Every structure is written in structure tokens, then in C-alpha cells.
């Protein structure tokens, strides 16, 4: 029988904590191959939260664990609970869950089923079929929630993962052990983003289940969205391979554009010849910058021979970019004239070359290790 620990960070949750713990422990009857316990990390509640938990501990012998810590944010509370679980309980899987009934405990068997089928991390997704956000949220909050997740999906160019900020998730203990150092300084939404980003880069198997998020009825939310907007964007710019790839592309574009401008505008050379020269020079620059920065977490290794092979592969894949740009620019110049050649070039690079290159480079050059 495998052990699952449900972690509940609490601060003034006296209105819900008893009912929630009872509901969680009742899930044991639905999953005969699992042993479900609860770990509460109470961050110096000023109500009776800790007192209620201690009373329940006497009723449910060895099923409820309680940590009492300082109030240092949601991410810190989870990190403390992770460390405690690793050192003292050693479960097979940890399930994160809000303590205010925003997350339905009846979904726990669904998470465990996905874990049993091989997933390393399972996300409760509000933005897939069967999931939802509260209907009573105001329009601006709905828009903000949807746009935030969409921004992160696009920022990481991981469109197959629909949910990044929801805290209802199940994670195998091996992945949490590996991620402890990476996630220790983050909190709130950023903590959830950092954990999932780390899991993806480790090659973990990701699964999603529908989650109908319910707005809290008691207490106050511990998440202040405005406080984390800057941190979310900072994390994206720091860790997103796609954003780094775009920046590298802009550098390459500067090189490409500079050579093109000199050759076409000033020296009046053939468009196709200068385009070949400028594009290949930019490709060489992109290879080195991408290898040592954009995709540094999976950079090419194995000696000079492997590096040379990868460089040749890179050029082969990039030849598609050369062909697309050369043919596309020549056609547009032939139809509309040379006057706006730079505009055609910008459009081709932004809407064709960048997505084409990012997808193929990830498939053939910097593959997941």
C-alpha cells in the first residue's frame, strides 16, 4: 500500500478545517491501494485552527500531522511541509490542497488514479473540459485569471499544459526532493509556476484532471494578485527557454538585418545572395547563444564530435529558415517592389521563422534529456 500525504497550509481556517480533514480522511475508503494522511502547516493562526487540529489528532490516531510555523507566505509553508514529509513520513506522493474548500476533496481519488497510471505530477486544471472557475467571480477577475494562465502558457510555449497557477496538484516525492532547492525562494502563484516549470525541465510526466474551483466562503485569500504580477513576469524572463530564444532571435535579427541593409540598400547586391549570407551568419550566432543560454538546461554535451554533429544538424534544420526567408522575400519583393523589403522580412521572421525554428530545434537539436 502506497502512502499519500495531503498538505494543507493554514492561516485562520477554523471555519473549514475540521470538516475538510474529515472529508479528506474519508477518501481512504475509495482508494484501497492507498493510505491517505493529512499534514497541516499552520502559520501562526490567531483563531482556533491549531486547537481544532490537535483535537482531531486524538480522534484520528497517526493520521494527522501538525506543523506550527511563522507566517512567511504560501510558498514557504509548502516548502516547510515538503521537507517535513520527506524527513519524517516519506510518502510516495504529496497532494497540495487549499484549506478553504476551494478544492474538492472528492477529487483526490482522480489524482491518485493518474499517479498510479504513471504520471509524476497531476494538475487540477480549471481551463480544460470539465473544469471551471467560480461563476460568481467578477468579470475583471475572470479575465485576469484566464489571461494570466494564457500568458504563462505562451511564455513557456507549452500550450499542451492548460493550468499553471492552481494549487491543487499531486506530485511524486522524487520530484519534490529534486525541486526543493529551485522552489525554496518563491511564493504564491510563482511557487506553483516554478514547481511545474522544474518538473517539465526534468522530463517528468505531466497529467491534468478537470478541477471546478470553488470560491472560499470563510476567511481571507492568502494570494494578492498584484503582489505577484512582477514576480511572475520576472520568473518568465529568467527561466523561459522560449523567451530567451526570442531574445536570441532578436540578436540574430539585428545581425541579419544589418548585413541585409548593407548589402541590399547600400551596395545594391542581389536580394537572394545577400539574404543567404545574412541569414547564415545569424544562424551561427543563434546556435551558440541558444546552446549556452536559451537551452542551457539541456545543452549539447559529449565532446567535440557530438558538438560538430549537432552544429551540422542545426544548420540543416535552419536551412528551412533560409529557404523560407529567401523564397518568401524574393516573392514579396517581386510582387510589391523593393521599397518595403525590410517590412516583409520582419513579418516573415516574426510569424514564420521563430515558431518554425523553436519547434524543430527542440525536436532535433536540444531534445529533452
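Among the listed residues 311, 351, identify the single one that is over 21 Å from residue 250 (Cβ atoms), outside the structural domain of residue 204 (by TED's automatic domain parsing) and either in contact with a strand residue (DSSP E or B) (Cβ under 7 Å, 6 or more places away or on another chain) or in a helix (DSSP H, G or I) (or both).
Numbers: 351 fails: over 21 Å from residue 250 (Cβ atoms).
The unique qualifying residue is 311.
Scanning segment 285-306 for residues being assigned to a helix (DSSP H, G or I) and surrounded by 15 or more Cβ atoms within 10 Å (Cβ to Cβ) gives a total of 8.
Can you tell me how many residues in segment 168-205 are part of a loop (DSSP other than H, G, I, E, B) and surrounded by 24 or more Cβ atoms within 10 Å (Cβ to Cβ)? Residues in segment 168-205 being part of a loop (DSSP other than H, G, I, E, B) and surrounded by 24 or more Cβ atoms within 10 Å (Cβ to Cβ): 1 in total. Condition check for residue 143 on (1) over 11 Å from the mean Cα position of the chain (by Cα); (2) closer than 26 Å to residue 101 by Cα; (3) outside any helix (DSSP H, G or I): one failure, at (3).
Considering only segment 1-109, give the helices (runs of 4 or more DSSP H) lying wholly within it that have at least 1 residues that are closer than 17 Å to residue 173 by Cα. I'd like the intermediate steps shown before the answer.
Values: elements: 17-26, 49-59, 74-84.
Answer list for segment 1-109: 74-84.
Given the options 20, 25, 39, 8, name the one that is surrounded by 16 or more Cβ atoms within 10 Å (Cβ to Cβ) and free of Cβ contacts under 8 Å to residues at least 40 places away in the same chain. Can you show your working first?
Working: 20 fails: free of Cβ contacts under 8 Å to residues at least 40 places away in the same chain; 39 fails: free of Cβ contacts under 8 Å to residues at least 40 places away in the same chain; 8 fails: free of Cβ contacts under 8 Å to residues at least 40 places away in the same chain.
So the residue among 20, 25, 39, 8 that is surrounded by 16 or more Cβ atoms within 10 Å (Cβ to Cβ) and free of Cβ contacts under 8 Å to residues at least 40 places away in the same chain is 25.
Being at pLDDT below 85 and surrounded by fewer than 14 Cβ atoms within 10 Å (Cβ to Cβ) is a property that does not hold for residue 334.
I'd like to know if segment 150-168 contains one or more residues that are more than 15 Å from the chain's Cα centre (by Cα), assigned by TED's automatic domain parsing to the domain that holds residue 30 and either within 30 Å of residue 245 (Cα to Cα) or in contact (Cβ under 8 Å) with a residue 12 or more places away in the chain (or both). Before you say what the answer is, go through the steps one by one.
Within segment 150-168, the first condition is being more than 15 Å from the chain's Cα centre (by Cα), and the residues that meet it are none.
Among the residues of segment 150-168, not one is more than 15 Å from the chain's Cα centre (by Cα), assigned by TED's automatic domain parsing to the domain that holds residue 30 and either within 30 Å of residue 245 (Cα to Cα) or in contact (Cβ under 8 Å) with a residue 12 or more places away in the chain (or both), which makes the answer no.
Residue 346 fulfils the conditions (1) outside any helix (DSSP H, G or I); (2) more than 24 Å from the chain's Cα centre (by Cα) except for a single criterion, (1).
The values are calculated or read from the model by the stated rules, or taken from the named source; none is laboratory data. What you see is a predicted model, and the numbers here were worked out from it, not measured in a lab. Neighbour counts are summed over all protein chains in view; Cβ atoms, including those assigned to glycine, are modelled from backbone coordinates with ideal geometry.
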